[in-house]
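The values are calculated or read from the model by the stated rules, or taken from the named source; none is laboratory data. If you're wondering where the values come from, they're calculated on a predicted model, not measured in any experiment. Cβ coordinates were reconstructed from backbone atoms using ideal geometry, including for glycine residues, and neighbour counts include every protein chain displayed.
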Amino acid sequence: MIRAWLLLLPAVVFLGIFFGVPIALVAVTSFIAKGGGLALDQYRRFMLDGFYRSFLTESILVSVVTTAACVVLSFPVAYQLARARSGVRGVFLTLLIAPLMVGDVVRGYGWLVALGDFGVVNQALMWLGVVEKPVRLIFTPTGVVLGLVEVLLPFMVLPLAAAIGGIPAELEEAARSLGARHARVFRKVVLPLSLPGLAAGVVIVFALSMGSFAIPLFLGGVKVNMVGPLIFQQATLTVDGPFAAAVSCVLFATSLLLLIAYAWVGTALRGEPGGR
Amino acid sequence: MNDRSILFRAVTVAIYAFLLLPIAVVVVASLNDGATLAFPPKRVSLRWFGAFLTSRQFMEATWVSLEVALVTAIVALVLGTAAAWALARRAMPFRFIALQYLTSPLILPGIVIGLALLQFAARLGASGSLGALVIGHTVVALPYAVRAMHAAFTQYDATLDEAAATLGARPLRTFFRVTLPLVKPSLIAGGVFAFAISFSNIMISAFLVGPGTTTLPVRMYNYMEFSNDPTIAAIATLVVIAMFSGIWALHKTVGLGGFFR
């Protein structure tokens, strides 16, 4: 159908010009050597200089912990969402989705206030007797992980809830009527059947965490080194275009691989390419 | 209700409390009377909302954000609806790859998109323009429009179009008089999401704003760097109220089912 192609074209061309071409130019810029010509200088600097490499290793570390925390926290939320009556589900969906729309600046600011030395979190910890005096949370990896888990949890919950929603409730009842306890039903029925949704969530959360910007900028400051703020700082303050481009290419390539993995998981989940 | 389900509910509620903690903190902090962020506030006042509404810089930034978000939502909806219709209603090669491509800015790092557009705009001499902002925001908002519309068109009953065609309506007329009115809920949802994604964006904007085109989130961040009075909390509270009302209205009218698949 020639007409259908014509309708698809504007969006495809738009992204091509304003997404594909600029990214390709970044890739070219990243290979520009100091004295002109092409070289791998920028990549060498990023990978071999211990200071810059720490941005990559800390990003990976923070993202692994964030993703793991999201996996654990997402199951109760996703299960409740999947098995709720549709009216109740709408309320909880609102509570999950509205914060996404509020944006990272507002939530990063909220965490900054909450995690301060005399913020609610420290006040609660002292009131509970967990700590005697305020613990430092801002500008620590712990603070960044807390913020990232909060911001990214919905991206884990939504695909997982969709997967759990696809498991017939009768299956769980059957397992229970045959004498399986809750933990066993979860381990033998719910967990295996929701793995595709979980895998999709893991890929999204890890990719978004690796590329995060506002949360590490607000909550990590100069104490937690992550790739996102490094790119911004190199591009706008240090004005080192080629180096910012090289760091960007490493991050982009990582995310692209994750995206391909995600598409593959999605295909496996639906059983046919392209889904419905 | 047994002990186990009480425990399950308690855990779920605790996780939601964690999810909403920074937002709740912002709202409470905005009611501070003093110039520093005391928590909880010693005296309640709305003076920082007044400070926001009478600040020329913040008002300018708010208008820039509203303008950019509105144009972004329209452009993303037009591009996204056309593409989603073609992908959902017509068999064509590379359909799966085309859909992945159009929604890829959801996962690919926004910070890299921002940098790429900064360097691209600089080459074209368009740095700091409203157009550059709208284009950057449309790249990241487009996936939301495509996904909302693709879901709507795949569930759409094609026999309705055939009926219109049988009665003599041309394809274009059928699309605007039959198809579009029937997918209006998704059109609204996609538009609201695209608007919100643009309005609260910081990653792309941080690279693309210039004098006179500073968006609200960027202005807020710049302000935070030298002052910690509760003006930011007041603005944040208004954003929270707007977004929660918007999403709640969507839930009440067209439903949020698109997110639950």
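Data overview
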read-out: Subset tally (residues that are facing another protein chain (nearest Cβ under 9 Å), at pLDDT below 80 and closer than 30 Å to residue B:220 by Cα) for segment B:2-41; value: 4
read-out: Count - residues of segment B:156-166 that are surrounded by 13 or more Cβ atoms within 10 Å (Cβ to Cβ) and either among the aliphatic types (A, V, I, L, M) or without any contact (Cβ under 8 Å) to a residue 40 or more places away in the chain (or both); value: 5
read-out: Subset of segment B:222-248 (residues that are closer than 17 Å to residue B:22 by Cα and crowded, with 22+ Cβ neighbours inside 10 Å); value: B:230, B:231, B:232, B:233, B:234, B:235, B:236, B:237, B:239, B:240, B:243
read-out: Residues being in a helix (DSSP H, G or I) and either within 11 Å of chain A (Cβ to nearest Cβ) or surrounded by fewer than 24 Cβ atoms within 10 Å (Cβ to Cβ) (or both) - total across segment B:183-207; value: 17
read-out: Unique residue being more than 9 Å from chain B (Cβ to nearest Cβ) and of a type outside the set (S, T, N, Q) when the list is A:107, A:136; value: A:136
read-out: Number of positions in segment B:224-246 that are more than 8 Å from chain A (Cβ to nearest Cβ), without any contact (Cβ under 8 Å) to a residue 12 or more places away in the chain, assigned to a helix (DSSP H, G or I) and farther than 30 Å from residue B:256 by Cβ; value: 2
read-out: Subset of segment A:225-264 that is within 23 Å of residue A:19 (Cβ to Cβ) and β-branched (Val, Ile, Thr) - its residue that is surrounded by the fewest Cβ atoms within 10 Å (Cβ to Cβ); value: A:260
read-out: All positions within segment B:75-98 that are within 7 Å of chain A (Cβ to nearest Cβ) and either in a loop (DSSP other than H, G, I, E, B) or modelled with pLDDT of 90 or more (or both); value: B:79, B:80, B:82, B:83, B:85, B:86, B:87, B:90, B:92, B:98
read-out: Elements of type helices (runs of 4 or more DSSP H) contained in segment A:85-185, each with 3 or more residues being free of Cβ contacts under 8 Å to residues at least 40 places away in the same chain and surrounded by fewer than 18 Cβ atoms within 10 Å (Cβ to Cβ); value: A:86-102, A:120-127, A:169-177, A:182-185
read-out: Residues satisfying the stated conditions in segment B:99-121, i.e. facing chain A (nearest Cβ under 7 Å) and either charged (D, E, K, R) or over 24 Å from residue B:81 (Cβ atoms) (or both); value: B:109, B:111, B:112, B:115, B:116, B:118, B:119, B:120
read-out: Segment B:99-144: number of residues that are free of Cβ contacts under 8 Å to residues at least 40 places away in the same chain, surrounded by fewer than 20 Cβ atoms within 10 Å (Cβ to Cβ) and part of a loop (DSSP other than H, G, I, E, B); value: 2
read-out: Unique match (being touching a Phe, Trp or Tyr at 6+ places or on another chain (Cβ under 8 Å) and surrounded by fewer than 22 Cβ atoms within 10 Å (Cβ to Cβ)) among B:56, B:43, B:95, B:89; value: B:89
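To keep it simple, each residue is scored yes or no on (1) farther than 30 Å from residue A:170 by Cα; (2) β-branched (Val, Ile, Thr).
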| residue | (1), (2) |
| --- | --- |
| A:34 | yes, no |
| A:54 | yes, no |
| A:57 | yes, yes |
| A:70 | no, no |
| A:80 | no, no |
| A:85 | no, no |
